[in-house]
Amino acid sequence: MADVGTVKLKRGLAQMLKGGVIMDVTTAEQAKIAEDAGACAVMALERVPADIRAEGGVARMADPLKVKEIMEVVTIPVMAKARIGHFVEARVLEALGVDFIDESEVLTPADERYHINKHIF
């Protein structure tokens with residue numbers, strides 16, 4: 001049986017990233033610079049969530065096309081954030097093939113009460 005999506009694989013990736021530098025990036029160029037500088041992974045963001053909220057906007061997951069661009073230029077793991085409780089955002093990121101989905105409190109919550117059942121991803 002392949003280890004694709006298993007608890008063993010998920011925990012293994014988290015353990016592998018522990019202690020390394022995960023750089024927040026908003027462009028493919030930034031992702032490549034981060035990889036060349038020794039980052040162990042990159043977090044694909046639309047913009048810095050704190051800036052979006054400060055301007056009164058809703059901080060959502062990054063544009064799928066932007067995430068795909070980033071994934072195409074680096075060989076290190078690409079992570080992306082989904083809003084708390086936003087099942088569809090998580091499914092989109094899963095379909096893109098990101099290495100790690102972060103259900104993140106720094107984004108504007110879609111549902112503050114019901115979080116995503118992460119075991120199905």
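The values are calculated or read from the model by the stated rules, or taken from the named source; none is laboratory data. Only a predicted model underlies this, so the values are computations on that prediction, with no experimental measurement involved. Cβ sites come from the backbone with ideal geometry, for glycine too, and all protein chains shown count toward neighbours.
Do you know which residues across the range 40-58 are part of a loop (DSSP other than H, G, I, E, B) and under 15 Å from the mean Cα position of the chain (by Cα)?
From the range 40-58, those part of a loop (DSSP other than H, G, I, E, B) are 40, 45-48, 55-58; that's our starting set.
Those that are part of a loop (DSSP other than H, G, I, E, B) and under 15 Å from the mean Cα position of the chain (by Cα): Cys40, Leu45, Glu46, Arg47, Val48.
Anything in the range 59-69 that is in a loop (DSSP other than H, G, I, E, B) and either among the aliphatic types (A, V, I, L, M) or surrounded by 14 or more Cβ atoms within 10 Å (Cβ to Cβ) (or both)? List them, or say none.
Of all residues in the range 59-69, those in a loop (DSSP other than H, G, I, E, B) come to 59-63.
Answer for the range 59-69, where residues must be in a loop (DSSP other than H, G, I, E, B) and either among the aliphatic types (A, V, I, L, M) or surrounded by 14 or more Cβ atoms within 10 Å (Cβ to Cβ) (or both): Ala59, Arg60, Met61, Ala62.
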Only residues that are under 15 Å from Thr75 (Cβ atoms) and more than 15 Å from the chain's Cα centre (by Cα): list them for the range 16-33, please.
Met16, Gly20, Lys32, Ile33
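Tell me, please, whether a residue that is modelled with pLDDT of 80 or more, farther than 20 Å from Glu103 by Cα and under 14 Å from the mean Cα position of the chain (by Cα) can be found in the range 61-69. Before you say what the answer is, go through the steps one by one.
Our first condition is that a residue be modelled with pLDDT of 80 or more; within the range 61-69, this holds for 61-69.
Imposing the further condition that a residue be farther than 20 Å from Glu103 by Cα reduces the set to 69.
Subset that is under 14 Å from the mean Cα position of the chain (by Cα): 69.
Yes, the range 61-69 has at least one match.
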